[in-house]
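Before any comments, here is the structure.
The values are calculated or read from the model by the stated rules, or taken from the named source; none is laboratory data. Just so you know, these numbers come straight off a predicted model, no measurement behind them. We place every Cβ from the backbone using ideal geometry, glycine too, and count neighbours over all the protein chains shown. Only protein heavy atoms, including side chains, enter the accessible area calculation; ligands, DNA and RNA are left aside. Shrake-Rupley method; radii C 1.70, N 1.55, O 1.52, S 1.80 Å.
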Amino acid sequence: MKNYLLLFLLLFPAVSAAAVHVAGLKCKRYSKVFMAIACMIEFAAVTAIFPSLRGEDIQLYMPHVMGTGLYLKMDIFRYIFVWISCFIWLVTSVYSMWYFKADNKATRFYVFFLITLSAIIGVFTSENLLNLFTFFEVMALTSYVMVIHNESKRAHEAGRLYLIVSIATGMITLMGIFILYEYTGELNISSLPHAVAQMGSIKYIAVLLMSSSFAAKACVFPLHIWLPNTYSQSPSPATAILSAVLAKAGVFGIMIIGFMMSWDETFSGVLLALALVSMITGGALALVQVEVKKILAYSSMSQIGYMLLSLAATGLMHSHADAAISAGIYHVVNHALFKTLLFMSAGMMISGMDSDNLNSMGLRPHNKALRIFLLIGLLSNMGMPGFNGFTSKTLIHHAIANIEHINGYGLEIIAESVFLISSALTVAYSAKLYFAVVSNIDENDLTGSARGGIAAYIPMSALVIAMAFISIRPQLVNQIMSQGAGLLFEEASSTAAPHFYTLDSIKSSGVILLLGTFIYRMYATKHIVIKEDKSVYYSYIAKNWPSVERNLYLPVIACMFRISKAVFSFLDRFMSSFANRVCWEFKRICSFKIRSERFKSGEGSYYSVSDMTRKMVFRMESVNYSVFVTASILVFLMFSLVKS
């Protein structure tokens, strides 16, 4: 019975989407109620399954589905991702009831909102690599509809880029899966570590290809080009789940690949480089943005870099490696909570306005609740002591320190320096965002935030309660994370319980806070914040900066297009010339004159090959030739059967 509960978790949201669509045809109010109830039932079912996982895993295999069979599995590791996804979906569903209160297209959003939930459950519970890939691509396609929900020109442009990156990287990932299956004949994730170990050096090519789609969804540099416009043009409920859950599906995929590779040091070294670049790039770009959602978008890129840093440390440690990946999983949960809170706060500030530019918005003093929610989210994002972000960043910091023991001081000091600078940048852009919306209160009236209503504040309060619980009971939460992390190793090691609020940890947070304040005061206030009389203007200094999309991808694609055009033009001319030559030779052969007694109609008469062919075709229509052809076919079939 428990096995089929997995099937229920997978299919129920998609089936509920049909009910939401039908309800929306009758009354739009019914559609949002049905949607919220469906998310509540899904979350309750996921929560109820937790006691069953203490004894054994739950598995379900259905042959002849998706070609290789549908193989679902639920263990503690997967459960963490499923639970946090359903929780974020639940609070976002309640928030969206307020956000779309005057939107005529809300029912369409709710339908694809639920279908995407089914896809994400499929990603996290798939034990078959092909199943995981299929659900991952479904997730990308259904979330596209939510991205373009506003149907503006900029939304369609952002959605097109999002879809192009998703499909292009998806095809590359599929090529990697083909190579993997060709060499191993195995697709079950639990069996892949041993099979991949026998592949030799070709495994690195397969893994490089397979990682592309997951890395793109996780906003890893340089595949993050879809990120800023997609986040800024999507409605806030869509942006919340894009950052809190869908990006984590990419992190989950990278974790699965790391498990397949048995946390190979070469793989981990490359991942470390990408993580460090993503951390710095995301933090720096967030600091110079002037649109709220773009600040939070690049912030997500930087924070996911922290998660990948912990995964990289996993492969660069010979002992207690599960502590590093446990830190990454912990930060997945923490980031999902505080980033959802931040996007909901941003949605309330932006609601009723045409722009989320810092120069055209402000937060009224009487909006104390929203100000508190925003401050809690930003302090958690900064990793300040007493907030949930502090616990996971402390664990990641400990994991970095352990890299030194095997790979030398140089690698550890680079990772430590980037961690410090990136954390300081987080403080700087968080301070910029908070002071901008709090101090800029000229004539701007945030109608949406002033009239948030209970449907907006309840989910935000639920997020704060969850964050507070993690901050108060970090050891309990870390114990669950460690159990999940242990499943990603063939021989899990026992890790001692970490100490969070130590003097060193507090001192490290103090140094980060001081450095971040210095960056904000010495750089941001001089180059980004422009004061004119009594007003403050935020300048977008990155407008003319080099762009990965503009300066790398577009020239490369244009060059590939020109090369492809030249190659295919040559092939087209060659094939056309070859076909014309064959036709000419064939006509020349058909014009040959042949003298034959059998076909001679008179003395000295000749027949061309074409005339003889027409006569033979005419005779082939007779009964005798028909019998001959039939007999020939039977003989051919007989010989074929004998040989087989």
Problem set entry | Flag for ALA284 being open to solvent by 10 Å² or more (accessible area, probe 1.4 Å), modelled with pLDDT under 90 and closer than 22 Å to TRP83 by Cβ | no
Exercise. Is it true that ALA238 is surrounded by 21 or more Cβ atoms within 10 Å (Cβ to Cβ), within 24 Å of LEU72 (Cα to Cα) and of a type outside the set (Lys, Arg)?
Worked result: no
For this session: Within the stretch 137-153, track down each residue that is open to solvent by 10 Å² or more (accessible area, probe 1.4 Å) and under 22 Å from PRO222 (Cα atoms).
Result: GLU137, LEU141, TYR144
Exercise. What number of residues within the stretch 117-147 satisfy the criterion of being free of Cβ contacts under 8 Å to residues at least 40 places away in the same chain and farther than 21 Å from ILE84 by Cα?
Worked result: 3
Seminar exercise, completed: Filtering the stretch 180-201 down to residues that are open to solvent by 40 Å² or more (accessible area, probe 1.4 Å) and either hydrophobic (A, V, I, L, M, F, W, C) or in contact (Cβ under 8 Å) with a residue 60 or more places away in the chain (or both) yields ASN188, SER190, ALA197
Exercise. Only one residue in ALA424, ALA455 is surrounded by 16 or more Cβ atoms within 10 Å (Cβ to Cβ), modelled with pLDDT of 85 or more and not in a loop (DSSP other than H, G, I, E, B), so which one is that?
Worked result: ALA424
Exercise. When you go through ALA168, ALA155 one by one, which is the residue that is within 30 Å of LYS28 (Cβ to Cβ), in a helix (DSSP H, G or I) and of a type outside the set (Phe, Trp, Tyr)?
Worked result: ALA155
For this session: Note down all Cβ pairs under 9 Å where the first residue falls in the stretch 51-62 and is surrounded by 10 or more Cβ atoms within 10 Å (Cβ to Cβ), the second is assigned to a strand (DSSP E or B) and hydroxyl-bearing (Ser, Thr, Tyr), and they're at least six residues apart or on different chains.
Result: GLN59/TYR71; LEU60/TYR71; TYR61/TYR71; MET62/TYR71
Seminar exercise, completed: Here the residues within the stretch 95-136 that are open to solvent by 30 Å² or more (accessible area, probe 1.4 Å) and part of a helix (DSSP H, G or I) are MET97, TYR99, ARG108, PHE112, ILE115, LEU130, THR134
Exercise. Right, VAL220: in contact with a strand residue (DSSP E or B) (Cβ under 6 Å, 6 or more places away or on another chain) and either under 28 Å from ILE519 (Cα atoms) or surrounded by fewer than 24 Cβ atoms within 10 Å (Cβ to Cβ) (or both) or not?
Worked result: no
Problem set entry | the stretch 1-39 - residue that is open to solvent by less than 90 Å² (accessible area, probe 1.4 Å) and of a type in the set (Val, Ile, Thr) and, of those, modelled with the highest pLDDT | ILE37
